[in-house]
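K.L.:
Below is a structure I'd like to ask you about.
The values are calculated or read from the model by the stated rules, or taken from the named source; none is laboratory data. In this text the structure is predicted, and so the values were computed from the model without any measurement. So basically every Cβ, Gly included, is an ideal-geometry build from the backbone, and we count neighbours across all protein chains shown. These area figures cover heavy atoms from the full protein model, side chains too; ligands, DNA and RNA do not enter into them. Shrake-Rupley method; radii C 1.70, N 1.55, O 1.52, S 1.80 Å.
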Amino acid sequence: MANETQDNQVPAGEVGGTPLTAYGTITIGRIGYAVGLLWQPLQNPEDPTPEIKEAIESDSDADLYCLRSTSTPQYGIGKKAMGHKAGEPSAAAAVASALSEYTSVAAVFPVKEGWWLIAIRNDLILSEDDILFLTEQEAQDAFYALMALPDWDLKIAPEEWMIDKAKQMSLEDVVKKSGAKVRLQELGAARKTQILSLIALFFIVLVIVIIWMAVSLWQNVMQEEKIEAMPIPEVIRPVEPVPEKPKPWEKVPDTRIFMYKCWNNAYQLNALTIPGWQIGGITCTPEGLTTSWTKSWQPGGRIAWLKAALNEYKMSRVNVQLNQDGASASGQLMFTGIPMVASVPTLTDRQLWEELTDINQAANLNLSFSRQTVLDPPTNPDGTKPVNQQEYVYYQISVSSPYTPFEWQTFFEKFPGFQLTTINFNPGLDAQDKWKYEGRIYAK
């Protein structure tokens, strides 16, 4: 994909050992716009500061950020070392706002500074696909890689590239249609605003409390002589009911965000070209991703080459461990920012069985399913049942397919009460079995 950094790709931070101080900005009209931001989904829109602070502190060069307040909020991380400035608007956010009627957009625009590529998928600016290239060839190669993905609602590219169903558009005309600009800012500015808001709120509450105490005291003084002594009644405290334990489907990982993180990272890892190493299967759970590599050259396949390739392609967060025999290695990448949501089931046990059976017969899918039950909380070791133990019925499903997670999203959303537990991607298998999905659907 466009994340495969070449010698002429700008966002890497250096070219020939010289820091890039002017390649994080492009000129649209007469206004400078920031490009090359690192975009991430926002888990807590109500209080984004801790999440953004953690992301900035994990990268010593990161010092600026901006927020996209959409149906799927995102934040972008910028760097002054790349030429980004506080107050500078984001080009990617402006294009996403102007083209908001399209769900998925792949676009490349010639600009004064080179060629700028932007990819939007399901209203999310793809991580590290806000890229400025110095040469047309590099931009063209990256755009062709994006075309391997299906279901683009809009493709924008120069006419001479002869991309099927692509339109040529002026970047300046597109940006003019965007709304309010999303601008970079320093984390300290957000903290100051938050502190001032808290101080103002404190003084407002303090004034209200003082007024309430003065009114109460005045009323007590005026009515003191009229109050007759009365016996203090016995306070009968109501029996508090035992709080109901949350049902298992009330907190499940957001399926759409989980699929996006798995697909994005699995695609990048599979696209890596590492001398002397061959990637194996990739397994995703809501906690993270695991994979492995085996040596394909004898002799050859140094572990240093593997780590160098991950750093070059901005996959340094993958924790690599060399196995004892030295001929294989394993990798682990932890996922963050997957929110927990409720997915309340609406179909009964029988309705679920009939629906799954009908789909299997009609579509001829490689779909297997079985009825399962779970006790929550589980039975005690001595065999006794805990208080408020409930039995929940669900159907465990497993399906192998050539289709990516984005193409299965509609199927998964068909079933309220669905929890996606595992995604397996094995590029070495036949197309029919490259992707495998496992999950459970709870009955009403």
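K.L.:
How tilted is helix 255-271 with respect to the longest principal axis of the chain? Cα atoms for both, answer in degrees (0 to 90, nearest 10).
P.N.:
Roughly 20 degrees, rounded to the nearest 10.
K.L.:
Another question, then. Listed highest first by mean packing, meaning other Cβ atoms within 10 Å per residue, what order do 316-323, 345-352 come in?
P.N.:
Values: 316-323: 14.0, 345-352: 15.6.
Ranking the peptides 316-323, 345-352 by packing returns 345-352, 316-323.
K.L.:
Ranked highest first by the average count of other Cβ atoms within 10 Å around their residues, in what order do 256-265, 358-367, 279-288 fall?
P.N.:
Values: 256-265: 21.7, 358-367: 11.9, 279-288: 18.2.
For the peptides 256-265, 358-367, 279-288, the packing ranking is 256-265, 279-288, 358-367.
K.L.:
Follow-up question, since we're still on this one. With +1 on the Cβ of every Lys and Arg and -1 on the Cβ of every Asp and Glu, and nothing else charged, how large is the dipole of the stretch 368-444 about its Cα centre, in debye rounded to the nearest 20? Write out the running numbers ahead of the final one.
P.N.:
Details: 7 positive and 8 negative charges, 32 e Å.
Computed about the Cα centre, the dipole is about 160 debye.
K.L.:
Can you list the trypsin sites (Lys or Arg not before Pro) in the stretch 385-440 that are in a DSSP coil and have 12 or fewer other beta carbons within 10 angstrom? Mind showing how you got there, number by number?
P.N.:
Details: sites: LYS414, LYS434, LYS436, ARG440; in loops: LYS414, LYS434.
Within the stretch 385-440, the qualifying trypsin sites (Lys or Arg not before Pro) (loop, at most 12 other Cβ atoms within 10 Å) are LYS414.
K.L.:
Test of understanding: what is the full-extension gain from SER368 to GLU101, defined as 0.36 nm times their sequence separation minus their Cα-Cα distance?
P.N.:
Working: separation 267, 0.36 × 267 = 96.12 nm, distance 3.72 nm.
Result for the pair: 92.4 nm of gain on full extension.
K.L.:
Please name which of ILE77, VAL108, ALA145 has its Cα lying farthest along the dipole of the stretch 74-185 towards the positive end, using unit charges on Cβ (Lys, Arg +1; Asp, Glu -1) and the Cα centre as origin.
P.N.:
In the stretch 74-185, that residue is ILE77.
K.L.:
Using a Förster distance of 35 angstrom, determine the FRET efficiency expected from the C-beta separation of ASP141 and ALA342, and round it to 0.05. Write out the running numbers ahead of the final one.
P.N.:
Working: r = 43 Å, r/R0 = 1.23.
E between ASP141 and ALA342, to the nearest 0.05, is 0.20.
K.L.:
Output ³J(HN,Hα) for the stretch 149-163: one whole-Hz value per residue in order, computed from phi by the Karplus curve 6.51 cos²θ - 1.76 cosθ + 1.60 with θ = phi - 60°, and x for Gly and Pro.
P.N.:
With the stated coefficients, the stretch 149-163 comes to 7, x, 6, 7, 6, 8, 10, 10, 7, x, 4, 5, 6, 6, 7 Hz.
K.L.:
Which entries in the list LYS85/LYS176; LYS79/LYS436; LYS79/LYS176; LYS53/LYS112; LYS80/LYS261 go over 29 Å, if you measure between the two C-alpha atoms of each? Could the numbers behind the result be given before it?
P.N.:
On the way: LYS85/LYS176 21 Å; LYS79/LYS436 38 Å; LYS79/LYS176 25 Å; LYS53/LYS112 33 Å; LYS80/LYS261 27 Å.
Among LYS85/LYS176; LYS79/LYS436; LYS79/LYS176; LYS53/LYS112; LYS80/LYS261, the Cα-Cα distance tops 29 Å for LYS79/LYS436; LYS53/LYS112.
K.L.:
Per residue, how large is the accessible surface of the stretch 50-173? Use a 1.4 angstrom probe and give square angstrom. Show your work: numbers first, answer last.
P.N.:
Numbers: 5070 Å² over 124 residues.
Computed with neighbouring chains in place, this is 41 Å² per residue.
K.L.:
Now for a different question. When log10 I(q)/I(0) by the Debye sum over Cα atoms at q = 0.11, 0.12 Å⁻¹ is calculated directly from the model, which label among [x] -0.83, -0.99; [y] -0.92, -1.08; [z] -1.00, -1.14 fits?
P.N.:
Of the listed options [x] -0.83, -0.99; [y] -0.92, -1.08; [z] -1.00, -1.14, [z] comes from this structure.
K.L.:
So, R0 is 25 Å and r is the distance between the beta-carbons of ASP153 and ILE359; what FRET efficiency does that work out to, to 0.05? Before the final figure, lay out each step's value.
P.N.:
Numbers: r = 27 Å, r/R0 = 1.06.
Approximately 0.40, to the nearest 0.05.
K.L.:
With +1 on each Lys and Arg Cβ and -1 on each Asp and Glu Cβ, and nothing else charged, work out how big the dipole of the chain is about its Cα centre, in Debye to the nearest 20. Each step should come with its number before you reach the end.
P.N.:
Details: 37 positive and 52 negative charges, 53 e Å.
Dipole about the Cα centre, nearest 20: 260 debye.
K.L.:
Provide the gained length on full extension for the span ARG183 to ARG302, in nm with one decimal, where the gain is 0.36 nm per separating residue minus the Cα-Cα distance. Before the final figure, lay out the partial values.
P.N.:
Details: separation 119, 0.36 × 119 = 42.84 nm, distance 4.35 nm.
Between ARG183 and ARG302, full extension yields an extra 38.5 nm.
K.L.:
Dipole of the chain (Lys/Arg Cβ +1, Asp/Glu Cβ -1, origin at the Cα centre): which of VAL374, VAL95, GLN390 lies farthest to the positive side?
P.N.:
Final value for the positive-end residue is VAL95.
K.L.:
Using heavy-atom solvent-accessible surface (probe 1.4 Å) with all chains present, what is the largest-first order of TRP305, TRP212, TRP249? Don't jump to the answer; show the numbers that get you there.
P.N.:
Details: TRP305 90, TRP212 170, TRP249 30 Å².
Order by accessible area, largest first: TRP212, TRP305, TRP249.
K.L.:
Report, to the nearest 10°, how far helix 136-146 tilts away from the longest principal axis of the Cα atoms in the chain, using its own Cα long axis and a range of 0 to 90°.
P.N.:
50 degrees
K.L.:
Next up: Which of the peptides 104-113, 153-162, 385-394 is most tightly packed, and how do the rest follow, judged by the mean count of other Cβ atoms within 10 Å per residue? All intermediate terms of the calculation are to be shown ahead of the outcome.
P.N.:
Details: 104-113: 19.6, 153-162: 14.9, 385-394: 13.1.
Descending mean neighbour count gives 104-113, 153-162, 385-394.
K.L.:
Run the numbers for SER58 and GLU407: contour at 0.36 nm per residue of separation, minus the present Cα-Cα distance, in nm.
P.N.:
122.3 nm
K.L.:
From a point 7 Å beyond the Cα of SER170 in the direction of its Cβ, which residues of the stretch 83-124 have a backbone N at a distance under 15 Å?
P.N.:
Output list for this probe position: 110-112.
K.L.:
Would you mind checking which residues have amide H under 5 Å from VAL341's amide H? H placed 1.01 Å from N; only 5 or more apart, or other chain.
P.N.:
Under 5 Å from the amide H of VAL341 lie the amide H atoms of VAL252, ASP254, each far enough along the sequence or on another chain.
K.L.:
Okay, moving on. Using the heavy atoms of the protein chains alone and a 1.4 angstrom probe, what is the accessible area of the stretch 247-405 per residue in square angstrom? Don't jump to the answer; show the numbers that get you there.
P.N.:
Numbers: 8380 Å² over 159 residues.
Per-residue accessible area for the stretch 247-405 comes out at 53 Å².
K.L.:
Roughly how many percent of the accessible protein surface of the chain is carbon and sulfur, given a 1.4 Å probe and a whole-percent answer? Don't skip to the end; give the middle numbers.
P.N.:
Details: 13090 of 24760 Å².
Of all accessible area on the chain, carbon and sulfur atoms account for 53 percent.
K.L.:
Ranked by accessible surface with a 1.4 Å probe, highest first, in what order do TRP218, TRP152 come?
P.N.:
Numbers: TRP218 165, TRP152 35 Å².
So, going from the largest accessible area down, we get TRP218, TRP152.
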